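First comes the structure, then the notes that go with it.
The values are calculated or read from the model by the stated rules, or taken from the named source; none is laboratory data. These numbers were taken from a predicted model, which means no experiment stands behind them. When we count neighbours, we look across all protein chains shown, and the Cβ atoms used for this are built from the backbone with ideal geometry, even at glycine. Surface areas here come from the heavy atoms of the whole protein model, side chains and all, with no ligands, DNA or RNA. Shrake-Rupley method; radii C 1.70, N 1.55, O 1.52, S 1.80 Å.
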Amino acid sequence: ILDSIGKRTIWANLFFQGEPLLNPYLPEMVSLFTGRKIFTSISTNGLLLTSTIAEQLVGSGLKEVIFSIDGASEEEYLAYRRGGSLQAAWDAVSIMATVRKSKRVMFPRIVVQSLITSANEYSLSKIRSTALKLGADAVEFKTLHLHRGIDSEHLLPFNKRYVGYTAEGKQRKGV
């Protein structure tokens with residue numbers, strides 16, 4: 001596949017609604033993309049990241065890692081990330097930043113991305129400050145998009161500024 005797309009591809013997101021760290025060949029895959037000068041990015045909850053995996057990913061030439069962290073407290077985090085661990089997610093950010101610093105490299109760029117929910121909408125500044133303190137390069141806040149018919153409307157933020165879609169499913173302007 002890489003042979004057929006390699007000459008036309010400049011960026012590869014190695015994730016989509018799944019956990020890329022479940023793939024034991026991820027560092028090798030990133031190395032293949034890096035060898036063709038293709039920017040690689042992963043998005044993870046961080047729960048499976050170890051120092052060994054972080055070293056492999058940094059060594060493979062990964063350019064960006066996005067950590068999904070949706071809360072400043074365990075209660076806020078678990079409102080959306082059921083079965084997860086906020087402390088483990090923050091530890092993953094710290095591990096990646098520590099490994100990158102020890103290797104004296106600029107990449108991967110470390111991003112903490114947080115979906116704004118009713119549970120965390122009043123804690124965004126704490127999420128930002130914790131992420132930056134642990135070594136993240138950037139913090140991004142995103143609006144929550146819920147699929148109709150799923151019992152999760154309680155997660156919608158109270159502040160309409162943070163709601164990206166109307167009750168009819170249409171995207172709000174300016175969000």
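Fraction of C-alpha pairs exceeding 25 angstrom in the chain: 38 percent, rounded to a whole number. Stretching the chain fully between L146 and F16 yields a gain of 45.2 nm (0.36 nm per residue, less the alpha carbon separation). For segment 46-58, putting each phi into the Karplus relation 6.51 cos²θ - 1.76 cosθ + 1.60 with θ = phi - 60° gives couplings of x, 5, 9, 6, 10, 4, 5, 5, 4, 5, 5, 5, 4 Hz, in residue order, rounded to whole numbers and with x for Gly and Pro. Within a straight-line Cα-Cα reach of under 15 Å, K63 can be paired with the following aspartates and glutamates, leaving aside sequence neighbours fewer than 8 residues apart in one chain: E28, E55, D137. Taking amide H positions as modeled 1.01 Å from N, with prolines and chain starts lacking one, the residues under 5 Å from E140 and 5 or more places away or on another chain are V112, Q113, S114. Working from label points 7 Å from Cα in the Cα-to-Cβ sense, the E153 to Y122 distance is 2.3 nm. Within the accessible surface of segment 33-83, defined with a 1.4 Å probe on protein heavy atoms only, the carbon and sulfur portion equals 49 percent. With contacts taken as Cα pairs under 8 Å at a separation of at least 6 residues, the chain carries a relative contact order of 17 percent. Where both bridge residues fall in the chain, DSSP classifies roughly 5% of the beta bridges as antiparallel.
Note on K160/N23: beta-carbon distance plugged into 1/(1 + (r/R0)^6) with R0 of 35 Å gives a FRET efficiency of 0.35.
In this structure, the pairs whose alpha-carbon distance is over 23 Å, taken from K7/K101; K101/K142; K103/K133; K126/K160; K37/K142, are K7/K101; K101/K142; K37/K142. In the full protein context, the chain carries 59 Å² of accessible surface per residue, based on a 1.4 Å probe and ignoring ligands, DNA and RNA. Peptides 122-128, 107-113, ordered by how many other C-beta atoms sit within 10 Å of their residues on average, highest first, read 107-113, 122-128.
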